[in-house]
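A.B. asks: Dropping a structure here in structure tokens format, bear with me for questions.
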Amino acid sequence: MTEPTLFSNKSMHTSKILTVSELNRLANQVLTQSFPLFWVSGEVSNLTRAASGHWYFSLKDAGAQVRCVMFKGRNSYLDWTPKEGDKVEARCTVTLYEARGDFQLTIEFLQRAGLGALFEAFEKLKVKLQQQGLFEVALKKALPAHPKQIGIVTSPDAAALRDVLTTLKRRMPSIPVVIYPTPVQGKGAAVLVANAIQLANARAECDVLIICRGGGSIEDLWQFNEEIVARAIAECSIATISGVGHETDFTICDFVADIRAATPTAAAELVTPSRENRLNALKQLSQQLAKSIQYLLNQRAQALDYMARSLISPLQQIEQQKAQLRQMAYQLNATMNQQLQTKQHNVLRLSQNLTHLNPQAVLTRGYAFVQNNMGTIISSSQQLQSGDAVMLTFGVGVAEATIDKLSP
């Protein structure tokens, strides 16, 4: 590192004499330009949280210590607060507090010691499992809309379990729940969590499985970043939902599970239909059905009224039929009288014709007709012989005669 030269020996007697403020400002510039952002580890001591929101503390190790400041604009992004004796890792710059000439570190980011290695392990496993296809969206199973039985993998003593059970009871108390108990923190807990998931899969008595625990540090949640747990979830044939930690916490379990919930309570809400919502939906359907039925009844009632107005009373029909019968009888009588008169005229005319054609009428005019003894009318003299007996019929009376002479 090239050290800055403020003065030369030749110009020392003629150089400007610096004030303390100018000196500290120049020193601060040298420190800031010489030390870009870097990481330093140490133990927190003499921590003060000022009313302004800024944090003041020292980082120390066995041989030295250094003053530190973390301004409110930076520490507000942390989801935890350091305490005396914490082993931490700080990303910082070297500055000089010019007003007092104090050498200090300005902290940009702070994390618990060892988290760098954990984050590195997390990212390494995440990349590995992603490349092997364990995060593929196409492999995600849909959660059942109406689960028949819900499984929960968590610690029986965890507050998260109480939150989940309370939510399930509130939303849909009729759905039975099976708990697969397992420690969720501590040495060897990852193996036990994986065993509980495998047991639930083997028993196949649930159609959705909640894997959950409450919030905590990255170390507390690390069991759900273990590969053995990720493999167990990936191999589970039951639809799985991860509800590990708080909304800002992400674990490998979240990426492998079929659904990630922000919290255990959110997981319980995702796997159950809301009883209240279902009742409200049924109420709305009932109201719609009643409205539809009433509408149809009104329509039918109007149609009935319309048809009723078109109906004729039976008494009125009888009177109409009687009137029709009287009219028909009158027409029939008139027709019969007309036909009778016509027939009478025809009979009279025929009678007159018959009268004119009646031989008796001719006889009254002086004519007579001749019959032989057989009653046959003789119309020609050739029908007779001399001596035949005949009978003469006159207009009035008859006479018998004998044929004496014939002439053609």
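A.B. asks: Tell me yes or no: at least one residue of region 108-121 is in contact with a strand residue (DSSP E or B) (Cβ under 9 Å, 6 or more places away or on another chain), among the acidic types (D, E) and under 30 Å from F255 (Cα atoms).
C.D. replies: Yes, region 108-121 contains a residue that is in contact with a strand residue (DSSP E or B) (Cβ under 9 Å, 6 or more places away or on another chain), among the acidic types (D, E) and under 30 Å from F255 (Cα atoms).
A.B. asks: Let me ask something else. Return yes when A267 is of a type in the set (G, A, S) and within 24 Å of the chain's Cα centre (by Cα) and no when it is not.
C.D. replies: Values: of a type in the set (G, A, S): yes; within 24 Å of the chain's Cα centre (by Cα): yes.
Yes: the conditions hold for A267.
A.B. asks: Looking at T48, T81, T95 in this structure, which one is under 23 Å from F119 (Cα atoms), hydroxyl-bearing (S, T, Y) and outside the structural domain of T248 (by TED's automatic domain parsing)?
C.D. replies: Residue meeting the stated conditions: T81.
A.B. asks: Right, here's the next one. Go through region 346-383 and give me each residue that's in a helix (DSSP H, G or I) and touching a strand residue (DSSP E or B) at 6+ places or on another chain (Cβ under 8 Å).
C.D. replies: Listed by number, the residues that qualify are P359, L363, Q383.
A.B. asks: Exactly one of these conditions fails for D79: (1) among the acidic types (D, E); (2) loosely packed, with under 13 Cβ neighbours inside 10 Å; (3) modelled with pLDDT of 90 or more. Give me its number.
C.D. replies: (3)
A.B. asks: Still on this structure: Could you please find all residues in region 89-117 being crowded, with 16+ Cβ neighbours inside 10 Å, touching a residue at least 40 places away in the same chain (Cβ under 8 Å) and among the hydroxyl-bearing types (S, T, Y)?
C.D. replies: Within region 89-117, T95 is the sole residue that qualifies.
A.B. asks: Got a number for residues in region 132-158 being part of a strand (DSSP E or B) and either out of contact with any helix residue (DSSP H, G or I) (no Cβ under 7 Å at 6 or more places or on another chain) or outside the structural domain of I179 (by TED's automatic domain parsing) (or both)?
C.D. replies: From region 132-158, those part of a strand (DSSP E or B) are 150-154; that's our starting set.
From the residues that got through so far, the ones that are either out of contact with any helix residue (DSSP H, G or I) (no Cβ under 7 Å at 6 or more places or on another chain) or outside the structural domain of I179 (by TED's automatic domain parsing) (or both) too are none.
Residues in region 132-158 being part of a strand (DSSP E or B) and either out of contact with any helix residue (DSSP H, G or I) (no Cβ under 7 Å at 6 or more places or on another chain) or outside the structural domain of I179 (by TED's automatic domain parsing) (or both): 0 in total.
A.B. asks: State whether one or more residues within region 336-345 are under 20 Å from G395 (Cβ atoms), hydroxyl-bearing (S, T, Y), not in a loop (DSSP other than H, G, I, E, B) and not assigned by TED's automatic domain parsing to the domain that holds L392.
C.D. replies: No, that holds for no residue.
A.B. asks: If A239 meets every condition in (1) touching a helix residue (DSSP H, G or I) at 6+ places or on another chain (Cβ under 8 Å); (2) under 17 Å from F135 (Cβ atoms) apart from one, which number is that one?
C.D. replies: A239 satisfies all of (1) touching a helix residue (DSSP H, G or I) at 6+ places or on another chain (Cβ under 8 Å); (2) under 17 Å from F135 (Cβ atoms) except (1).
A.B. asks: Would you tally the residues in region 354-377 being surrounded by 12 or more Cβ atoms within 10 Å (Cβ to Cβ) and either in contact with a Leu (Cβ under 6 Å, 6 or more places away or on another chain) or at pLDDT 85 or above (or both)?
C.D. replies: Result for region 354-377: 4.
The values are calculated or read from the model by the stated rules, or taken from the named source; none is laboratory data. None of these values were measured; they are calculated from a predicted model. With ideal geometry, Cβ positions are generated from the backbone for all residues, glycine too; neighbour counts draw on all protein chains shown.
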